[in-house]
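Visitor: Have a look at the structure that comes next, please.
The values are calculated or read from the model by the stated rules, or taken from the named source; none is laboratory data. Quantities reported herein were computed from a predicted structural model and do not represent experimental measurements. Glycine also receives a Cβ, built like all others from the backbone with ideal geometry; neighbour counts cover every protein chain displayed.
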Amino acid sequence: MTAVTTADREFLPGLQTATADASSRTLVQKLSRCASVSVITTVISLSTLTIATAGLGVAAWAANVLAVSIATVPSYSLNRRWTWGLTGPSDFRRQVVPFWVLAFAGLLLSTLAVELTQVSGLEAAMPSPLLATGAVLAAHLSGFAMLWVVQFIVLDRVLFADESV
């Protein structure tokens, strides 16, 4: 973990300074790490979605459920340990269940968007299978993009909040 420098404190007043406790990361560190985790898990979910829909012919909504289920496992672990610096056992009721609820709220939004691309005929109207898959992937991303800021706040202030403060 890197410490906040004097220059950082001058330009970013109000941020916590790093301490020996790994859970006291600055807001900027948490945002950048959480965004990095999102990039990683987005690659996982989009790869799964692409393989399932374009490669295996799975219905878009079912492939989306599979993609989110697979990507949520590393998302939880990376966010909890790397972004918020929490070690030790997870609190199933206070952390794991709410995290999966948030993930599946994103799943619901993205599945609705993915299904809408099929029902509306947008996917079928694409001139190539590549563009049709692109429309499904864009729909998938839109659901999670709408939820990302809310999820970050809930993770930071509730699920992975520093209880010593």
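Visitor: Evaluate the range 67-74: report whether one residue or more is within 19 Å of V43 (Cβ to Cβ), among the β-branched types (V, I, T) and modelled with pLDDT under 85. Outline the logic, then answer.
Guide: Step one: list which residues in the range 67-74 are within 19 Å of V43 (Cβ to Cβ), which gives 67-74.
If we keep only those that are among the β-branched types (V, I, T) as well, we get 68, 70, 72-73.
If we keep only those that are modelled with pLDDT under 85 too, we end up with none.
No, there is no match, as no residue in the range 67-74 is within 19 Å of V43 (Cβ to Cβ), among the β-branched types (V, I, T) and modelled with pLDDT under 85.
Visitor: Another question about this same structure. Hey, does the range 112-124 have a residue that's among the charged types (D, E, K, R) and either out of contact with any helix residue (DSSP H, G or I) (no Cβ under 9 Å at 6 or more places or on another chain) or at pLDDT 90 or above (or both)? Don't jump to the end; show me each part of the working.
Guide: Here is the first cut: in the range 112-124, the residues among the charged types (D, E, K, R) are 115, 123.
Right, trim to either out of contact with any helix residue (DSSP H, G or I) (no Cβ under 9 Å at 6 or more places or on another chain) or at pLDDT 90 or above (or both) and you get none.
No, that holds for no residue.
Visitor: Cβ contacts < 8 Å: first residue under 15 Å from C34 (Cα atoms), restricted to the range 135-159; second residue assigned to a helix (DSSP H, G or I) and among the basic types (K, R), any location; separation 6+ or different chain. Result?
Guide: Listed pairs, sorted by first residue: F152/K30; D156/K30; L159/R94.
Visitor: Take the range 100-139 and flag every residue that is farther than 22 Å from I153 by Cβ, buried (at least 16 other Cβ atoms within 10 Å of the Cβ) and among the polar types (S, T, N, Q).
Guide: Residues satisfying the conditions are T111, T117, Q118, T133.
Visitor: Starting from the range 21-33, keep only residues that are within 14 Å of I153 (Cα to Cα), then list their pairs with residues that are at pLDDT 90 or above and of a type in the set (D, E) whose Cβ atoms are within a distance under 8 Å, requiring at least 6 positions of separation or different chains.
Guide: As it stands, the answer is L27/D156; K30/D156, since those pairs meet every condition given.
Visitor: Regarding the range 77-93, can at least one residue be identified that is farther than 27 Å from D156 by Cα, under 20 Å from the mean Cα position of the chain (by Cα) and surrounded by fewer than 19 Cβ atoms within 10 Å (Cβ to Cβ)?
Guide: Looking only at the range 77-93, we keep the residues that are farther than 27 Å from D156 by Cα, and these are none.
No: the range 77-93 contains no residue that is farther than 27 Å from D156 by Cα, under 20 Å from the mean Cα position of the chain (by Cα) and surrounded by fewer than 19 Cβ atoms within 10 Å (Cβ to Cβ).
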